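Have a look at the structure below, then the notes.
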Amino acid sequence: MKATTARRRSRRVLDHSLLVLGTGALAVSVSVLTLAPGVSQASSHREAPLIAGDPRADNTDVYAFTSPDKPDSVTLVANWIPFEEPNGGPNFYAFADDARYNIKIDNNGDGVSDVTYTWRFRNQVRDTANQFLYNTGQVTSLTDPDLNFRQVYDLVLTKNGRSRVLKSNVPVAPSRVGPASMPDYGALRNQAVSSLAGGGKTFAGQADDPFFADLRVFDLLYGGNLSERGQDTLAGYNVNSVALQIPKKELALRGNSSRNPVIGVWSTTDRQGVQVADSRTRHDKWRQVSRLGNPLVNEVVVPLKYKDAFNTLNPDQDRTVKPVVDKVFDPILPKLIQKVYGVPAPATPRNDLAEIYLTGICKACGPIKADLNAHRLNKDASLKQIVPAEELRLNMAVPPTADPQRYGVLAGDLAGFPNGRRLTDDAIDISLQAVEGAAQTGTLVPALADGDKVNTNDRPFNTSFPYLALPHTKSVNSGPGGNQAQQQSSLRTSSAIGAGALGSLMLGAGGWRLRRRNRTS
């Protein structure tokens, strides 16, 4: 009898122990999952002192290339707001509603825009009185009522001195808040692509920053001994982008891209009531506060003293600013490379750089023996009107390359930078080789042939318009540590799942034993 009572007591202890241990294991699993950090499963940045303080007006890059999947059109992309941290809410990243964003095209070589596309943005907030959130629930469309903050824009075309609105109230792709808020961001992106009359397309919204580089180049050229290379400083950051896909005839001089295939491209930002040089003088006119054509020009060619002023210039004024023009013909960077690495600076004057940045490349333009992308190659251009001007020049007659080379023209791939600029072009390595004279000699400088060892973007680009990669959602400061944190999170998750499973088994076993004992007692 005593033995039977003891066995029953022992079974009850075992059953209760299973229940307690099972509950504890489940509690541990839940707490581990709850306490785990929220790791997602998932060129011209700040180049001048004043614009560095106004990121929403700061052009970071401009691209112009023949559309690879629609070769009768050109794709134009311009970016603003450098170093957008993906988790930077709750206000996230909006285009300025008090600025004008422009992409400009010079098709006759006079340094003045012949075709200008202008974006003006407006904010729309559903609930400002009782909400502080960007979105109040899961967002599945651009008209979703859970998207509390949104932007729309008007796109204006100015041509031959006349302006007309191409599209009104076009929705902007929102900042990508995260997978819980926007589980199918690609669908939202697609809804922000809008068709234009005549066969074009337009897009505005957030995207992965397509510029890739190791910006430790500014630490005495990769640490003074090439030890600081191989890390994409821009990886993980987003930008705000506008993109257009436009038939070539709409951009070409006299609407004829066969006779006149060369265009010059740059982007600008205008603000009203500000002055870059001296804010104590107020006025109401629109003023240009940012400008970008070729990558890295204002960053590494223009001396510090003139960077803010350069951002206010129109390209037709460039030749009148002697201190800036002098630095094209006698640049600073090759001298620094010689000082740090002992690579002899090419002899001056650098007429090859003047070709790349100011005139475009042609046999009659300078020492680079090729007819590539100078405005004087346009058959209907007046040679008397053509002036040296810093623009990103594109010969639209060059077909897209099936296998783009990151070194672009320097690698024999004429569809790449400095003939326009594609998203995949390695702008910093190309520019470094160009200032060392590679465009003129046709040979890469061996000591710098590996460049910054960042050869591609951290995310693959899309194969159709707008081609940009989707924005990141993972916090940047989880970078190398983030991998570790992510691994730890995965381990915690696995442990939690294991603990949860064990807990469930224990609870199940304990409960079954108790129910059976109650039925038989």
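With a 1.4 Å probe and every protein chain kept in, tell me what percent of the accessible surface of segment 109-160 is carbon plus sulfur. Reported share for carbon and sulfur atoms: 48 percent. Electrostatic bookkeeping for M396 treats Lys and Arg as +1 and Asp and Glu as -1; over the other residues with beta carbon under 13 Å from its beta carbon, the sum is +3. 3J(HN,Hα) couplings calculated from phi for segment 109-117 with the Karplus curve 6.51 cos²θ - 1.76 cosθ + 1.60 (θ = phi - 60°) are, in sequence order, x, 8, x, 10, 5, 9, 9, 10, 9 Hz; Gly and Pro show x. Highest mean packing comes first when the peptides 391-404, 411-424, 312-325 are listed by Cβ atoms within 10 Å, giving 411-424, 391-404, 312-325. Taking all protein chains as they are arranged and a probe of 1.4 Å, the heavy atoms of Y237 leave approximately 50 Å² accessible to solvent. Take 338-350, 261-273 and order them by the average number of nearby Cβ atoms within 10 Å per residue, most first; the result is 261-273, 338-350. Couplings for segment 307-324, taken from phi via the Karplus curve 6.51 cos²θ - 1.76 cosθ + 1.60 with θ = phi - 60°, read 4, 5, 5, 4, 5, 9, 7, 8, x, 5, 8, 4, 5, 8, 9, 4, x, 7 Hz in order; Gly and Pro are left as x. If you take the Cα centroid of segment 311-376 and the Cα centroid of segment 234-253, the two points sit 25 Å apart. Between V343 and Q317, the distance separating the two model label sites (each 7 Å from Cα on the Cα→Cβ line) works out to 3.4 nm. Longer than 32 Å from Cα to Cα, which of K104/K363; K322/K369; K70/K305 are they? Say none if no pair is. Violating the 32 Å Cα-Cα cut-off are K70/K305. In this view, the solvent-accessible surface of I386, computed with a 1.4 Å probe and all protein chains in place, comes to about 50 Å². Taking each residue as 0.36 nm, the span from V112 to L304 lengthens on full extension beyond its C-alpha to C-alpha distance by 66.6 nm.
Packing, as the average of other Cβ atoms within 10 Å across residues, places the peptides 192-203, 358-369 in the order 358-369, 192-203, highest first.
The values are calculated or read from the model by the stated rules, or taken from the named source; none is laboratory data. Just so you know, these numbers come straight off a predicted model, no measurement behind them. Neighbour counts run over all protein chains shown; Cβ positions are idealised from the backbone, glycine included. Note: accessible area is taken over every heavy atom of the protein model, side chains too, but ligands, DNA and RNA are not part of it. Shrake-Rupley method; radii C 1.70, N 1.55, O 1.52, S 1.80 Å.
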